[in-house]
Amino acid sequence: MSSVIENPSPDDGRLPAAIRVVIADDHAVVRRGLRQVLGSERDLEVVAEAADLGDARRYVRGHHPDVLVLDLNLPEGLSLDAIPELRSEFPETQIVVLTMQNEPAYARQALSAGAVGYVLKEAAESELVEAVRRAAVGDSYLNPRLGGRMAAEPTPGRPDGLTERELDVLRMIALGHTNAEIADQLHLSVRTVETHRAHIQQKLRLAARSELVRYALEHGLLAT
């Protein structure tokens, strides 16, 4: 089922347009709960709900949402394979994965496939709003505990002269963590993290977070 609410124009002195969201999950109870969580925020608007990938594609095509909240397990099978196709067909719609799968391998595959967010259903009430807001501006979000597990795993090699600690910091940047979160996870000061980040950017000659994320993916830093 779908619903559409007209947003006020940001040019007419009223509230700016809300972040438009499509929810894709095959359980009606889950969709209803997600609609309540997201709909309670003034800057978010759920424009449609989909029970399968076919409906998700149709609603994204029809509503042009900013964010698609996508369950990994839909009736057609694992949604991981559909993420690259969705990103290719609808490049203006960011994807936040919502799942019960708490294994790092799934998160890596989802992020590598083109998702910008990975939220566990058990933490949806506290994390989904932030993940959707970040996604809407092209930033990434990963469940913190899962991100910590991923960051603790060894990385293959040391590309471009990066130190082990710089690789740790780069990996966590690519997973969407802030400098403060990285400092907390790696038991460093924020100033030290900022220094590592500056060294990484100098060595790689990259500045934007999106460039660092792409570099990490291309060099297998988030791979199993």
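The values are calculated or read from the model by the stated rules, or taken from the named source; none is laboratory data. Since we're looking at a predicted model, the values are computed, not measured. Here Cβ is always computed from backbone atoms with ideal geometry, including for glycine, and neighbour counts include all displayed protein chains.
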Query raised in the report: List pairs: first in the stretch 203-224 and farther than 16 Å from G114 by Cβ, second of a type in the set (S, T, Y) and not in a loop (DSSP other than H, G, I, E, B), Cβ under 9 Å, 6+ apart or cross-chain?
Result: L204/Y215; L206/Y215; L221/Y215
Query raised in the report: Can V22 be described as modelled with pLDDT of 95 or more, under 18 Å from A131 (Cβ atoms) and in contact with a Pro (Cβ under 7 Å, 6 or more places away or on another chain)?
Result: yes
Query raised in the report: Which one of L170, L128, L111, L175 is more than 22 Å from R42 (Cβ to Cβ) and in the same structural domain as P84 (by TED's automatic domain parsing)?
Result: L111
Query raised in the report: Within the stretch 179-208, which residues are in a loop (DSSP other than H, G, I, E, B) and under 19 Å from R145 (Cα atoms)?
Result: H187, L188
Query raised in the report: Does A123 qualify as being over 30 Å from D66 (Cα atoms), more than 13 Å from the chain's Cα centre (by Cα), hydrophobic (A, V, I, L, M, F, W, C) and surrounded by fewer than 17 Cβ atoms within 10 Å (Cβ to Cβ)?
Result: no
Query - Options A198, A183, A208, A110; residue that is more than 30 Å from R35 (Cβ to Cβ), in contact with a Ser or Thr (Cβ under 9 Å, 6 or more places away or on another chain) and among the small types (G, A, S) - result: A183
Report summary line: Counting only residues that are under 17 Å from L34 (Cα atoms), surrounded by fewer than 22 Cβ atoms within 10 Å (Cβ to Cβ) and modelled with pLDDT of 95 or more, the stretch 52-65 contains a total of 1
Query raised in the report: From the residues in the stretch 51-83 that are in a strand (DSSP E or B) and touching a strand residue (DSSP E or B) at 6+ places or on another chain (Cβ under 6 Å), which one is nearest to Q101 (Cα to Cα)?
Result: D71
Query raised in the report: Quick one: in the stretch 69-79, which of the residues that are farther than 13 Å from V119 by Cβ and buried (at least 19 other Cβ atoms within 10 Å of the Cβ) is farthest from the chain's Cα centre (by Cα)?
Result: L74
Report task. Exactly one condition in (1) in contact (Cβ under 8 Å) with a residue 40 or more places away in the chain; (2) within 21 Å of the chain's Cα centre (by Cα) is not met by V137; state its number. Result -> (1)
**Report entry** In the stretch 153-182, residue surrounded by the fewest Cβ atoms within 10 Å (Cβ to Cβ) [restricted to those that are small (G, A, S) and at pLDDT 85 or above]
**Finding:** A180
Query - E211 being surrounded by fewer than 21 Cβ atoms within 10 Å (Cβ to Cβ), part of a helix (DSSP H, G or I) and over 22 Å from the mean Cα position of the chain (by Cα) - result: no
**Report entry** Test result for A115, touching a residue at least 40 places away in the same chain (Cβ under 8 Å), part of a loop (DSSP other than H, G, I, E, B) and aliphatic (A, V, I, L, M)
**Finding:** yes
Report task. Looking only at the stretch 86-95, decide whether some residue is modelled with pLDDT of 90 or more, crowded, with 21+ Cβ neighbours inside 10 Å and assigned to a helix (DSSP H, G or I). Result -> yes
Query raised in the report: Among the residues of the stretch 141-150, is any at pLDDT below 90, within 26 Å of L68 (Cα to Cα) and in a loop (DSSP other than H, G, I, E, B)?
Result: yes
Query raised in the report: Of the residues A48, A131, which is out of contact with any Leu (no Cβ under 8 Å at 6 or more places or on another chain), assigned to a strand (DSSP E or B) and buried (at least 20 other Cβ atoms within 10 Å of the Cβ)?
Result: A48
